[in-house]
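Shown next, in structure tokens, is the structure this report addresses.
Every number here is computed from the coordinates shown, using simple stated rules; none is lab data. Please read these numbers as outputs of a predicted model, since none were measured by experiment. A quick note on method: Cβ atoms are made from the backbone with ideal geometry, for glycine too, and the neighbour counts reach across all protein chains shown.
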Amino acid sequence: MARRNKPHGDPLPDFVRELRHISLDNPRDAVVRYNLGVAYGELGKSEEAIAAYRSAIEIDPAYAAPYFNLGCTLLESGLPQEAKSEFEQMIKLAPTEAEGFFMLGTVYGILGMPEQLIQATKAGLQIAPDSPQACLNIGLASNRLGQFKQAVDFLTRVITLDGDNPAAHLQLAHAHRGLGNTKEEIQACRQAIAIQGDFIDAWFHLGAAYLKKVRGPDAQVDYIETNGNFDLNDPMQLFYFSLGLLAMGMKDEAKEHLPKIRKALPAAAQELESCLALENNGVRGE
């Protein structure tokens, strides 16, 4: 489709131009200013959207919708502290809108305030109990606070609502680890991998849980966190990945990595061989 050239400035879609004209004709209409903010937001013009939402609030401070959209736009612009104030005001004006509580909880999480995240998000769940993302946020925060039983409860709710969420299963594994439930930890890691086969941290965590089961519940093992930036040329990462393969019943694939591990980490290779022998003898590290 050909684009029409404009001699001056950036072209604006007709609907934005029309809204600007309407706002000039109706300078005390908060809804028009709000809609203009929405239009600017759709165009990715954050500064203009923020100005429009603030103008709507100035005209009608009791109008809740602009606070919510302003908070979202500020958050997207990297201003979580400012966004927090807008969401706090929004839930005062619209205490039956769950999304306000959920977004406030999200901001608390970004600001490193897990207890406040849990409180705000639970308030939202009282209104809208079937939000898997809200339950996941509480599960994450609960794990961070060491409240593992609560984490299990909320992460189980996530899986009931959205069983295909691999992050929820891995966080559930984390919670079971905190409770000392190694068998359940292994099962949760396996489920995360069954959903997303390239979820590398789930492979590493599965390997660590498997090794803990073999060594004993008080054994020290490494839970490698990579956030996707892994390097299987690292022999220790390869060791835990191989244990994960073994825990998934992939003995031949795990055995293939022995020579490389043996060259750099002989003791780790010996332990992997012992685990392989257990598997071959029918003693599963489950």
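So what is the calculated 222 nm ellipticity per residue for the chain, using -39500 (n - 2.57) for each DSSP H run with n of 4 or more, over all residues, to the nearest 500 deg cm²/dmol? Before the final figure, lay out each step's value.
Working: 16 runs with 206 residues, N = 286.
One gets -23000 deg cm²/dmol as the mean residue ellipticity at 222 nm.
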Review point. With contacts defined as alpha carbon pairs under 8 Å and 6 or more residues apart, what's the relative contact order of the range 39-110 in percent?
Key: 24
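For the range 89-141, just say rounded, prolate or oblate: build the C-alpha gyration tensor, square-root its eigenvalues into a ≥ b ≥ c, call rounded for a/c under 1.5, and beyond that prolate if a/b exceeds b/c, oblate if not.
Judged from the Cα gyration tensor, the range 89-141 comes out oblate (a/c at least 1.5, b/c at or above a/b).
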**Study point:** Using alpha-carbon coordinates, inclination of helix 64-76 to the longest axis of the chain, degrees
**Key:** 50
Check your understanding: When only Cα pairs under 8 Å and 6 or more residues apart are kept, what is the percent relative contact order across the chain?
Key -> 8
Review point. In which sequence would Cys72, Cys135 go, from the one with the fewest C-beta neighbours within 10 Å to the one with the most?
Key: Cys72, Cys135
Exercise for review: Under 19 Å Cα to Cα from Lys255, which lysines show up? Leave out anything in the same chain fewer than 8 places away.
Suggested key: Lys263
Review point. Which listed residue (Ser131, Leu70, Leu172) has the Cα farthest towards the positive end of the charge dipole for the chain, taking +1 on Lys and Arg C-beta and -1 on Asp and Glu C-beta about the Cα centre?
Key: Leu172
Review point. Size of the chain along its principal axes in angstrom, Cα-based, largest extent first?
Key: 83, 48, 27
Check your understanding: For the cross-link pairs Lys149/Lys183; Lys84/Lys122; Lys212/Lys260; Lys84/Lys149, which exceed 21 Å when the distance is taken from alpha carbon to alpha carbon?
Key -> Lys212/Lys260; Lys84/Lys149
Point to revise | 17 Å cut-off, amide nitrogen to a point 7 angstrom out along Ala219 Cα→Cβ, residues in the range 230-246 | key: 236-246
Revision key, fill the gap. Nearest 10, in degrees from 0 to 90: the angle of helix 14-25 to the longest Cα principal axis of the chain is 50
Practice item. Under a cut-off of 18 Å between alpha-carbon atoms, report the aspartates and glutamates in cross-link reach of Lys92, not counting same-chain residues fewer than 8 places apart. Key: Glu58, Asp60, Glu82
Study note, to complete from the structure: 1/(1 + (r/R0)^6) with r = Cβ-Cβ of Gln270 and Thr226, R0 = 30 Å, i.e. FRET efficiency to nearest 0.05, evaluates to 0.75
Point to revise | Full-stretch length increase - Glu256, Thr160 - with 0.36 nm per residue and alpha-carbon distance subtracted | key: 30.8 nm
**Study point:** Lys122/Glu76 FRET efficiency (R0 25 Å; Cβ-Cβ; nearest 0.05)
**Key:** 0.50
Practice item. Measure nothing but the geometry: give the 0 to 90° angle between the long axis through the Cα atoms of 46-59 and the longest principal axis through the Cα atoms of the chain, rounded to 10°. Key: 50
Revision key, fill the gap. Note: Ser85 to Asn233 extended length (0.36 nm per residue) minus current alpha-carbon separation gives 48.6 nm
Study note, to complete from the structure: Cβ-Cβ cut-off under 12 Å around Ala269, Lys and Arg +1, Asp and Glu -1: the net charge is +2
Check your understanding: Counting alpha carbon pairs within less than 8 Å and at least 6 residues apart, what relative contact order, in whole percent, applies to the range 73-161?
Key -> 21
